[in-house]
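Data block below; observations after.
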Amino acid sequence: MARGHAAAVLAGRFLVFSSNRVAFSNPELYRMRVSDGGGLVRLTRWGSGGDLTPGDDLMGEYSPDGERIAFVSDRSGGYAIWTMNATGPGSAA
């Protein structure tokens, strides 16, 4: 069973959340439509998937204009706030 963290909704249209759906110990960020639960998109791909390896992407939040997502990740070895394009790639610490 996948575990995760629900997060922000963008203007009632999209939900961003973290989950370890691929059965790794590294949660990734996903987006889906609020209206019907469809359109699931994996937004991040980081980490080797092994226990205790960097790559947890958690607590996604949309920016006020909906263009970016801020999230917490340990991909650089320690937890920090990162941002990315709301539609996927383009992460930066």
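The values are calculated or read from the model by the stated rules, or taken from the named source; none is laboratory data. Here the structure is a predicted model, which is why all the values come from computation and not from measurement. Reconstructed Cβ throughout: ideal geometry from the backbone, glycine too, with neighbour counts over all protein chains shown.
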- Check off (1) modelled with pLDDT of 80 or more; (2) surrounded by fewer than 20 Cβ atoms within 10 Å (Cβ to Cβ); (3) of a type in the set (Lys, Arg) for Arg45 and give me the number that stays unchecked. (1)
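Rundown of residues vs (1) under 14 Å from Gly12 (Cα atoms); (2) at pLDDT below 90, yes/no style:
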site	(1), (2)
Ala23	no, yes
Arg31	yes, no
Glu61	yes, no
Phe71	no, no
Arg75	no, yes
- First in the stretch 50-68 and at positive phi and surrounded by 13 or more Cβ atoms within 10 Å (Cβ to Cβ), second anywhere and at pLDDT 75 or above and not in a loop (DSSP other than H, G, I, E, B), Cβ under 9 Å, 6 or more apart: Gly55/Glu28; Gly55/Ser73; Met59/Ser18; Met59/Ala70; Met59/Phe71; Met59/Val72; Gly66/Phe14
